[in-house]
1. Too long at a 28 Å Cα-Cα cut-off: which of Lys34/Lys126; Lys126/Lys192; Lys2/Lys171?
2. In vacuo Debye scattering of the stretch 1-113, one point per C-alpha: log10 I(q)/I(0) at q = 0.16 Å⁻¹?
3. Using a 1.4 Å probe on the protein chains only, how many percent of the accessible area of the stretch 171-210 belongs to carbon and sulfur?
4. Heavy atoms only, probe 1.4 Å: what % of the accessible area of the stretch 1-96 goes to carbon and sulfur, would you let me know?
5. Using every Cα-Cα pair within the stretch 108-155, state what percent have a distance larger than 18 Å.
6. What whole-number distance in Å separates the alpha-carbon centres of the stretch 148-162 and the stretch 43-112?
7. Using θ = phi - 60° and the Karplus curve 6.51 cos²θ - 1.76 cosθ + 1.60, what whole-Hz ³J(HN,Hα) does each residue of the stretch 151-161 get, with Gly and Pro shown as x?
8. What size of dipole, in debye to the nearest 20, comes out for the chain about its Cα centre when the only charges are +1 on Lys and Arg C-beta atoms and -1 on Asp and Glu C-beta atoms?
Amino acid sequence: MKLVVLISGRGSNLQAILDAGLPVEVAAVLSNRKSAAGLQLAEARGIPAHSLAHTEFPDRAEFDQAMMRVIDGYAPDLVVLAGYMRILSDAFVQHYAGRLINIHPSLLPSYPGMDTHARALADGVKIHGCTVHLVTPVLDRGPVIVQAAVAVRSDDTAETLGARVLAAEHKIYPLAIRWFAERRLVFGDDGKVNLLNDEGSEQSVFYPGA
Ligand code: GRF
């Protein structure tokens with residue numbers, strides 16, 4: 001199975017995916033920022049790395065079309081958003097419908113958008129976490145594939161909580177990709193995703209994280 005991974009920054013999820021020994025080929029890594037550290041990581045592993053600066057395109061639609069041309073050159077089975085900090089055009093999302101996934105640092109549908117750890121702390125929630133989901137046109141609202149829970153501690157800051165959530169991200173993103181590659185994910189018409197277990201029946205997935 002061929003993957004193309006989209007990043008904007010550090011690339012720690014990319015690294016977790018590359019280090020997980022998955023039965024997949026990461027065919028290319030694309031970034032909308034030339035400075036993304038994850039691009040160097042890809043190059044160091046011999047993976048083609050592309051950066052397209054969104055600032056050099058007249059609008060979102062044209063930038064996304066340019067991204068799609070590069071991505072489609074690799075004919076990926078799955079497009080993986082790993083810290084890709086751009087809102088996607090509907091045309092992009094529709095083009096990759098059913099083969100576009102994202103990781104988000106909260107237990108969706110709680111805390112879509114930015115600053116999830118600070119917002120969770122401000123609300124005093126006791127359980128936080130992260131979500132791998134299929135991408136649909138509504139931001140951070142696609143069908144949930146797998147979630148990991150992270151207990152909030154009384155002395156947590158956004159940084160300490162975020163670090164434990166990130167560690168959980170590094171576990172569930174490779175897991176979700178493995179299941180996708182093994183064709184064990186069942187995407188229901190009701191927007192729910194289940195996992196085929198060894199007995200061939202469907203189960204919901206929750207990963208007890210940090
Ligand atoms: C992660 O927290 C991810 O959930 C969010 O952006 C961050 C990316 O981190 N979408 P990295 O670039 O994978 O280290």
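The values are calculated or read from the model by the stated rules, or taken from the named source; none is laboratory data. Since this is a predicted model, take the numbers as computed values, not measurements. Neighbour counts are summed over all protein chains in view; Cβ atoms, including those assigned to glycine, are modelled from backbone coordinates with ideal geometry. For accessibility, only protein heavy atoms count, side chains too; no ligands or nucleic acids. Shrake-Rupley method; radii C 1.70, N 1.55, O 1.52, S 1.80 Å.
1. Among Lys34/Lys126; Lys126/Lys192; Lys2/Lys171, the Cα-Cα distance tops 28 Å for Lys34/Lys126.
2. So the normalised log intensities work out to -0.71.
3. Working: 1150 of 2490 Å².
Taking all protein chains in place, the stretch 171-210 shows 46 percent carbon and sulfur surface.
4. C and S fraction of accessible area: 48 percent.
5. Working: 349 of 1128 pairs.
Everything past 18 Å amounts to 31 percent.
6. Taking the Cα centre of the stretch 43-112 as reference, the centre of the stretch 148-162 is 28 Å away.
7. 6, 8, 9, 5, 9, 5, 10, 4, 6, 5, 5
8. Rounded to the nearest 20 debye, it is 280 debye.
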